[in-house]
There are 2 protein chains.
Amino acid sequence: MEKRRRDGGGAVLRERDPEARRERLLEAAGGVFAETGYAGGSVREIARVARVNVASVNYYFGSKEGLYREVLLRAHRQVMEAEAEPEGGGDAREALRGWVGYCLRFVLLRRATHPVLGRLMAHEMRQPTVALSELVSLVIRPKFEQLAAVVAAVAGGGMGREASELAAHQIVGMCVHFDHSREVVERLGYRVPSGEAEIAALAESVAEMALGGLAGMVRSGKGLEKRISK
Amino acid sequence: MEKRRRDGGGAVLRERDPEARRERLLEAAGGVFAETGYAGGSVREIARVARVNVASVNYYFGSKEGLYREVLLRAHRQVMEAEAEPEGGGDAREALRGWVGYCLRFVLLRRATHPVLGRLMAHEMRQPTVALSELVSLVIRPKFEQLAAVVAAVAGGGMGREASELAAHQIVGMCVHFDHSREVVERLGYRVPSGEAEIAALAESVAEMALGGLAGMVRSGKGLEKRISK
DNA sequence: GGCATTATGAAACGCCTGTTTATAAACACT
DNA sequence: AGTGTTTATAAACAGGCGTTTCATAATGCC
């Protein structure tokens with residue numbers, strides 16, 4: 001077994017600033033992963049964008065997956081810091097409008113305070129990684145339960161827990177559809193909005209259907225948990 | 001330039017049946033692509049499943065993309081043959097219920113007459129390939145316009161074309177969400193149905209919200225195209 | 001029977017991926 | 001100045017991908 005002769009790099013002057021490099025890597029990875037998802041983004045491209053050697057990724061984060069986890073955590077932390085809660089108000093119906101608007105803005109607004117997390121979550125829904133469960137319990141579930149509570153409030157006792165949650169899923173479906181299936185929706189002739197005002201208009205339409213739908217459900221007693229019928 | 005010496009295989013007996021091989025390849029490719037999408041499925045795995053040499057893929061279909069296109073076409077043809085139109089009935093509201101049920105069955109029923117096309121379409125929505133546009137104009141748009149017409153009928157002239165189509169998108173969103181974001185939805189505690197009966201129940205809930213929502217929209221005049229207000 | 005045509009299979013090609021290794025420069029401390 | 005640790009780099013590694021090459025079986029045809 002002969003030992004192969006290797007020589008690492010010539011006399012290149014090296015900038016030495018671990019913090020900055022780590023940061024650059026996280027920044028670059030955020031952008032790349034947000035664009036193409038976990039599987040789609042390659043460490044080599046990330047390293048290129050961050051102007052850093054490929055090996056640095058493993059040096060700082062252990063593996064591609066480790067880097068991804070940190071990116072996700074960072075994005076989540078940033079969003080949680082600058083959080084604009086869906087404005088409630090005392091009225092339940094108004095709260096529902098607020099939630100829908102918040103959700104649509106989160107999903108459709110690209111230049112918002114969370115340019116990465118929204119995209120990462122979209123990719124996670126499409127092709128989940130090991131991080132999805134964490135993401136669900138950390139950011140998705142709280143928001144969802146919030147919505148379910150609002151739904152129950154709108155129904156005013158007319159709907160049980162299961163029914164409220166099902167309705168909440170349907171409402172979420174209406175919101176995320178415009179981002180999730182954007183390619184199809186746009187090919188069908190609807191220009192998915194990206195500006196605040198247009199998004200607000202879309203939100204009103206979605207909230208309108210949700211509110212009307214809930215009213216109908218309560219009226220017909222479909223959502224009533226302990227209904228006597230058969 | 002020396003010519004390298006190669007020898008192709010010993011004296012293995014070869015089954016020779018081009019038709020059957022082509023068919024086996026299409027079958028296998030259907031399964032693999034349906035499971036993991038175009039990018040996710042590898043020609044090597046397809047060849048393995050079809051018990052066929054890798055080179056056969058290119059021999060018969062020119063390329064991976066060629067194979068994919070034929071799979072898509074085949075799946076579409078099969079569905080179009082054994083088509084169960086969403087039962088209409090004279091009533092517009094009943095027609096809407098029928099459409100929602102049809103869509104949910106298409107998306108959620110795994111052992112239906114179209115075990116492949118539904119999955120392929122889901123993948124196309126997530127990460128479109130060159131085939132998406134064709135798919136939209138061939139199968140998605142007709143169904144969508146059908147729904148939009150039903151919506152307009154339910155509204156009974158109370159909604160313009162744009163508004164009906166927007167509402168139709170929202171309804172589609174409610175349906176596909178349960179398949180599209182299945183991983184998230186299930187982690188939130190909702191067991192996405194896979195049997196006929198449960199799907200029908202879900203369909204009723206979705207249709208209920210759609211109908212109630214449309215009623216609300218018409219009542220509030222939100223959807224009215226040439227509304228005078230301001 | 002001989003011969004061109006069509007199918008088939010094993011291996012190679014070229015390019016990509018994430019990760020590891022060996023080398024070396026920069027720094028901290030004695 | 002010398003030593004040891006941390007950080008940076010180029011190259012190698014191992015394996016996957018879609019595709020191509022080339023020898024060879026099996027077939028159809030004269």
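The values are calculated or read from the model by the stated rules, or taken from the named source; none is laboratory data. In this text, all values refer to a predicted model and were calculated from it rather than measured experimentally. In this analysis, Cβ positions are derived from the backbone assuming ideal geometry, glycine residues included, and neighbour counts consider all displayed protein chains. Heavy atoms of the whole protein, side chains included, go into the accessibility calculation; ligands, DNA and RNA do not. Shrake-Rupley method; radii C 1.70, N 1.55, O 1.52, S 1.80 Å.
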* Members of the range B:153-185 that are more than 9 Å from chain A (Cβ to nearest Cβ) and among the β-branched types (Val, Ile, Thr) -> B:Val154
* Only one of these conditions is not met by A:Arg51: (1) within 27 Å of A:Gly173 (Cα to Cα); (2) basic (Lys, Arg); (3) outside any helix (DSSP H, G or I). Which number is it? -> (1)
* Residue match in the range A:173-190 (condition: part of a helix (DSSP H, G or I), closer than 29 Å to B:Pro142 by Cβ and touching a Cys at 6+ places or on another chain (Cβ under 6 Å)) -> yes
* Being in a loop (DSSP other than H, G, I, E, B) and of a type in the set (A, V, I, L, M) is the filter here, so list the residues in the range A:120-146 that pass it. => A:Val130, A:Ala131
* Scan the range B:147-156 and give yes if some residue there is at pLDDT below 95 and either of a type outside the set (Ser, Thr, Tyr) or part of a helix (DSSP H, G or I) (or both), otherwise no. => yes
* **Residue among B:Ala201, B:Ala215 that is at the interface with chain A (Cβ under 7 Å from one of its Cβ atoms) and open to solvent by 20 Å² or more (accessible area, probe 1.4 Å)** => B:Ala215
* **Sole exception among (1) open to solvent by less than 60 Å² (accessible area, probe 1.4 Å); (2) assigned to a helix (DSSP H, G or I) for A:His114, by number** => (2)
* Asked: Does the range A:165-173 include one or more residues that are open to solvent by 10 Å² or more (accessible area, probe 1.4 Å) and modelled with pLDDT under 95?
  -> no
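Select from the range A:174-198 the residues that are open to solvent by 60 Å² or more (accessible area, probe 1.4 Å) and of a type outside the set (Lys, Arg) and write down the one among them that is farthest from B:Ser164 (Cα to Cα).
Here the answer is A:Glu196.
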* Asked: Does A:Leu73 count as touching a residue at least 40 places away in the same chain (Cβ under 8 Å), out of contact with any Lys or Arg (no Cβ under 9 Å at 6 or more places or on another chain) and assigned to a helix (DSSP H, G or I)?
  -> no
* **the range B:34-52, subset more than 10 Å from DNA strand D (Cβ to nearest atom) and either within 14 Å of another protein chain (Cβ to nearest Cβ) or at negative phi (or both), residue surrounded by the fewest Cβ atoms within 10 Å (Cβ to Cβ)** => B:Glu35
